[in-house]
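Q: Encoded as structure tokens, here's the structure I'll be asking about.
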Amino acid sequence: MTATTSDTSTAGCTPAAESLHAVLDAGEQPQRPSAWSASLTFGWRAMLKIKHVPEQLFDVTAFPIMMTLMFTYLFGGALAGSTTQYLQFLLPGILVMSVVMITMYTGLGVNIDIEKGVFDRFRTLPIWRPAALVGALLGDVFRYSTASAVILVLGLVLGFRPAGGAAGVLAGVGLLLVFSFAFSWIWTMFGLMLRTEKSVMSVSMMVLFPLTFLSSVFVDPATMPGWLRAFVEVNPVTILSDAVRSLMMGAPDGSAVLWTFVASGALLVVFGTLTMRLYNRK
């Protein structure tokens, strides 16, 4: 009778569910998932949210297209004499700007989940504590990759020709994704710290606008006044833009690439630690 009941209860289940049923029937304690497995599961959750609400991809498709077209044709003729020539300088910078700007949505997503009480449920699970946060960030890497692909395809259509070839483009995008993942921890911290979604958005924009516009995204800092150039040259977005641009143009700037990795590591250590402290106290 027991065997029949067990067979009926597992009928139509997935292999994973059947395995879980077998463990429970045997009276064994389910094995605790590894940190990597738990993080990937939460990353898949972030992907499923995009599947069920595809409007979330608007910011990684329409926004990059709008930015690329607007700045190429608005400034191209005035700054470089031709839009095609200016595009060779602009596109790596626009790529950096667009992806860095959308990192703030990580903090917004975390804040919304907290307000709904979702993270309270996650904390009761026997999993690696940071898994929910790391998984959300891993899911956002897909968004960054999508935005990068959209901008690059549009750039190639408009006339962008990277001298570094496919290898240089992939290296540049890879470096951008590494930095963006580390940079996202800032907004994750604010998502935990601030009370409302609007507050997270406001603080993010106050930080992102100066960082992205006061940089080498649009023009060479050498053309700027000395007082402004002093800030722009140490701006991490400038360093990242220079590194990505050099890789795509086939002339890697070792110093800029190195400092980008250093900045990424520092952001991860500092804001990752602060975020986890806030998360544990929530």
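The values are calculated or read from the model by the stated rules, or taken from the named source; none is laboratory data. Remember, it's a predicted structure, so these values are computed and weren't measured experimentally. Because the Cβ atoms are built from the backbone with ideal geometry, glycine has one as well, and the counts that use them run over all protein chains shown. SASA here: full protein model, heavy atoms, side chains in, ligands and nucleic acids out. Shrake-Rupley method; radii C 1.70, N 1.55, O 1.52, S 1.80 Å.
Q: Being of a type in the set (Ser, Thr, Tyr) and either surrounded by 14 or more Cβ atoms within 10 Å (Cβ to Cβ) or not in a helix (DSSP H, G or I) (or both) is the filter here, so list the residues in segment 255-279 that pass it.
A: Thr260, Ser264, Thr275, Tyr279
Q: Can you pull out the residues in segment 71-94 that are buried (at least 19 other Cβ atoms within 10 Å of the Cβ) and without any contact (Cβ under 8 Å) to a residue 60 or more places away in the chain?
A: Gly76, Tyr86
Q: For segment 95-111, does any single residue satisfy the condition of being surrounded by fewer than 17 Cβ atoms within 10 Å (Cβ to Cβ) and more than 19 Å from Phe218 (Cα to Cα)?
A: no
Q: Could you grab me the full set of residues in segment 218-254 that are within 22 Å of Ala182 (Cα to Cα) and open to solvent by 70 Å² or more (accessible area, probe 1.4 Å)?
A: Phe231, Glu233, Val234, Pro252
Q: Let me ask you something else. Quick test for you: out of Ser204, Ser216, pick the one residue that is closer than 21 Å to Pro236 by Cβ, modelled with pLDDT under 95, hydroxyl-bearing (Ser, Thr, Tyr) and in a loop (DSSP other than H, G, I, E, B).
A: That would be Ser216, the only listed residue that is closer than 21 Å to Pro236 by Cβ, modelled with pLDDT under 95, hydroxyl-bearing (Ser, Thr, Tyr) and in a loop (DSSP other than H, G, I, E, B).
Q: Among the candidates Pro126, Pro64, Pro92, single out the residue that is part of a loop (DSSP other than H, G, I, E, B) and not acidic (Asp, Glu).
A: Just a single option satisfies the conditions, and that option is Pro126.
Q: What pairs can you find where one residue is in segment 258-275 and without any contact (Cβ under 8 Å) to a residue 24 or more places away in the chain, the other is in a helix (DSSP H, G or I) and buried (at least 16 other Cβ atoms within 10 Å of the Cβ), and their Cβ atoms are less than 7 Å apart, with a gap of 6+ or different chains?
A: Close Cβ pairs satisfying both conditions: Trp259/Ile239.
Q: Further question: Considering each residue of segment 115-145, count those that are open to solvent by 40 Å² or more (accessible area, probe 1.4 Å) and within 18 Å of Asn280 (Cα to Cα), and give that number.
A: So the answer is 10.
Q: With respect to Ala171, is the statement that it is part of a helix (DSSP H, G or I), exposed (fewer than 13 other Cβ atoms within 10 Å of the Cβ) and among the aliphatic types (A, V, I, L, M) true?
A: In short, no.
Q: Could you please find all residues in segment 54-70 being more than 21 Å from Phe190 (Cβ to Cβ), open to solvent by 40 Å² or more (accessible area, probe 1.4 Å) and either of a type outside the set (D, E, K, R) or modelled with pLDDT of 90 or more (or both)?
A: Of everything in segment 54-70, those that are more than 21 Å from Phe190 (Cβ to Cβ), open to solvent by 40 Å² or more (accessible area, probe 1.4 Å) and either of a type outside the set (D, E, K, R) or modelled with pLDDT of 90 or more (or both) turn out to be Pro54, Leu57, Phe58, Thr61, Ile65, Met66, Leu69, Met70.
Q: I want to confirm something. Restricting to segment 154-177 and keeping residues that are modelled with pLDDT of 95 or more and of a type in the set (Val, Ile, Thr), which single residue is farthest from Met101 (Cα to Cα)?
A: Of everything passing the filter in segment 154-177, Val169 is farthest from Met101 (Cα to Cα).
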